[in-house]
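See below for the structure under consideration.
The values are calculated or read from the model by the stated rules, or taken from the named source; none is laboratory data. Keep in mind it's a predicted model, so treat the numbers as computed, not measured. With ideal geometry, Cβ positions are generated from the backbone for all residues, glycine too; neighbour counts draw on all protein chains shown. Keep in mind that these areas ignore ligands, DNA and RNA; they rest on the heavy atoms of the full protein, side chains included. Shrake-Rupley method; radii C 1.70, N 1.55, O 1.52, S 1.80 Å.
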Amino acid sequence: MRLSLSLLVVVALVAAAPGAARAPRLLAWPTSVEVQRDGSLLVVENGTQRVLQIAPATGRVRVVARGFSKAIAAVRTPAGDLLVSDDLALRRIARNGARTVVATAAAPIGPVAVAADGAVFFTAGAKLEEVADGTTRTLAASLVEPHGVAVAGRVVLVSDTGHGNVLAVDRDTGATRIFARVAEPRGIAVGPNGWVYVVAAAAKRVLRFTGSGARRGSVGPRFGDPYAVAVAPDGTVFVVDTAAVGTVVRIDRRGRAAPV
């Protein structure tokens, strides 16, 4: 999307005005967000096929990786490596920059989540897949447009978007149950207190649930087109909003929203 010169001038003036709130950082179709150990955000900018690191306090952006064909999501492993879903491949970028393929799929790979023990979970087509010790297996199938993935202990949560459900899949047995019914669920994140945050695209909200699936309202305002969500250790929530132009919105523990 092209911005007119006059709009760019307005954005620059607002950002530079003493005491003014920082103008929203415009991103080219962001599709995932994850909070790093140092508090920075890892964001996939799908429109430029780059992985960005953004400092929420300053808005400073650094390019972490680039050169993908269809990047959708990026996460860090416990060892600090970067995992990026890139079309039919899940790629690992080591800390020294070396790239390897962790897994491939017959359909484009979507959101990715990593457990504390290093197991990796991702959606591809109608399936929820797990990669552990170099072996890939299917945890759940017959999903319709699965979107978000998150790990809660020995349970993997996945948005079965087309069916309007958030599913809980047992990592050990593969047993699947409906965790919550949500119209058009997208991104999922698990907070430090075990609460689960789900992007409800139809309602343009981020809903909050207990670990057992009981709904506890929503956080933040109504969004234009919410897509992904992440939660920091202090309970701060970050939401990717892809309406018109992509932005990342920070919601503090008091529910106040501000652009990153």
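Taken as Cα centroids, the range 170-221 and the range 226-260 sit 16 Å apart, rounded to the nearest whole angstrom. When +1 charges are put on Lys and Arg Cβ atoms and -1 charges on Asp and Glu Cβ atoms, the dipole computed for the range 71-119 relative to its Cα centre reaches about 160 debye.
Seen from all directions on average, the range 144-260 presents a Cα convex hull projection of 6.8 nm². The long axis of helix 5-16 is offset from the longest Cα principal axis of the chain by roughly 90 degrees.
If amide H atoms are built 1.01 Å from N in the plane of the peptide, which residues on other chains or at least 5 residues away come under 5 Å of the amide H of R50? Long-range HN contacts for R50: E45.
Dividing the convex hull volume of the alpha carbon atoms of the range 118-160 by its residue count gives 63 Å³ per residue. I'd like the carbon and sulfur percentage of the solvent accessible area for the chain, probe radius 1.4 Å, heavy atoms only, ligands and nucleic acids excluded. So the carbon and sulfur contribution to the accessible surface is 52 percent.
Given R0 = 41 Å, the distance between the Cβ atoms of R181 and R37 translates into a calculated FRET efficiency of 0.75. The alpha carbons of the range 69-140 give a radius of gyration and a Dmax of 11.1, 34 Å, in that order. Annotation for the range 75-140: trypsin sites (Lys or Arg not before Pro) lying in DSSP loop with at most 15 further Cβ atoms inside 10 Å of their Cβ are R95.
Working ranking of peptides 113-124, 162-173, 147-158 by packing, defined as the average number of other Cβ atoms within 10 Å per residue, highest first, is 147-158, 113-124, 162-173. Please report the relative contact order for the chain, taking Cα pairs under 8 Å with a sequence separation of at least 6, and give it as a percent rounded to a whole number. For the chain, the relative contact order is 12 percent.
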